[in-house]
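The values are calculated or read from the model by the stated rules, or taken from the named source; none is laboratory data. What you see is a predicted model; the values in this text were computed from it and never measured. Cβ sites come from the backbone with ideal geometry, for glycine too, and all protein chains shown count toward neighbours.
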Amino acid sequence: MFARTFQEIANGGRLPTLFMLLAIIAAFTFIRFSTRMIRAEVKWWPGNITPGGLHLHHVVFGVGFMLVGGLGLVVLAPAFNLTASCVLAAVFGVGVALVLDEFALILHLSDVYWANEGRSSIAAVFAAIAITGLFLLGFHPLGIAGNFDLLREDQSVVVRVATLGYFTAQCVLAVIVLLKGKFWTGFLGMIFVPFLAVGAFRLSRPRAPWAKHFYANSPEKLARSKAREQHYRAPFMRRFQDAVGGPFGVQPPETP
């Protein structure tokens with residue numbers, strides 16, 4: 001089964017995507033292990049890179065990897081073979097992992113790696129893994145790969161209007177879901193449209209823009225949203241994020 005799946009990926013021209021996905025997972029696993037060793041002050045682990053007392057965060061190296069890999073894929077890969085494309089995709093994947101692992105630092109412009117705000121980095125990395133994995137399996141956001149097949153075969157006004165209407169409806173639902181703070185539902189719903197419909201009609205998360213705007217005069221809905229967040233979603237997500245990334249909520253010790 002594995003061999004057949006690999007052959008389908010290779011035949012579909014998605015082998016570089018596979019290498020990118022594996023690189024993201026491997027780099028994220030390594031860098032989280034490294035930061036946890038540094039946080040635990042394990043003596044045999046190298047520790048932070050601090051030339052001249054300046055702490056170089058790994059997002060800096062991630063940007064470099066993304067630049068090399070991305071530029072290579074755009075400019076050089078077409079002139080090379082599949083092996084070169086796979087190598088460059090892996091380099092880009094390493095950069096993606098290093099950058100997104102410090103997504104919270106970029107978002108807040110502050111060293112919140114181990115603070116509660118740092119949990120957003122875990123969400124960003126897993127969103128990248130999920131989206132890349134879906135592309136690897138042949139899925140495409142909002143059905144772009146398939147929605148326009150009928151339009152290519154039939155250029156009638158009815159088909160054009162129906163296709164445009166369906167695509168527009170998906171985009172509207174996606175925006176609503178994201179405004180409700182349901183990022184995972186939104187990302188997955190771009191691949192499986194029923195998720196968008198469910199997410200759009202369910203309650204918003206309490207701190208999302210949708211709740212702030214539409215629940216201001218609806219205390220009952222806001223109370224239900226807060227209760228759902230407190231009793232179901234938040235505890236599960238915190239346990240998952242702590243298990244993957246390390247306990248959040250405590251700043252790292254000062255570098256001597």
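Couple of notes before you dig in:
- Within segment 96-112, the set of residues being crowded, with 19+ Cβ neighbours inside 10 Å, out of contact with any Asp or Glu (no Cβ under 8 Å at 6 or more places or on another chain) and over 13 Å from Ile31 (Cα atoms) comprises Phe103, Val112.
- A Cβ distance below 8 Å, combined with a sequence gap of six or more or placement on separate chains, defines the contacts here; from segment 192-215, residues that are farther than 29 Å from Gly138 by Cα reach residues that are surrounded by 15 or more Cβ atoms within 10 Å (Cβ to Cβ) and among the β-branched types (Val, Ile, Thr) in the pairs Trp210/Ile176.
- Residue match in segment 146-168 (condition: at pLDDT 85 or above and either surrounded by 14 or more Cβ atoms within 10 Å (Cβ to Cβ) or of a type in the set (Asp, Glu) (or both)): no
- Flag for Arg36 being closer than 26 Å to Phe139 by Cα, among the basic types (Lys, Arg), within 22 Å of the chain's Cα centre (by Cα) and surrounded by fewer than 20 Cβ atoms within 10 Å (Cβ to Cβ): no
- First in segment 232-247 and surrounded by 12 or more Cβ atoms within 10 Å (Cβ to Cβ), second anywhere and part of a helix (DSSP H, G or I) and among the charged types (D, E, K, R), Cβ under 6 Å, 6 or more apart: Gln241/Arg119; Gly245/Arg32; Gly246/Arg36
- Within segment 154-177, the set of residues being part of a helix (DSSP H, G or I) and of a type in the set (Gly, Ala, Ser) comprises Ala162, Gly165, Ala169, Ala174.
- In segment 178-197 there is no residue that is charged (D, E, K, R), part of a helix (DSSP H, G or I) and out of contact with any Pro (no Cβ under 7 Å at 6 or more places or on another chain).
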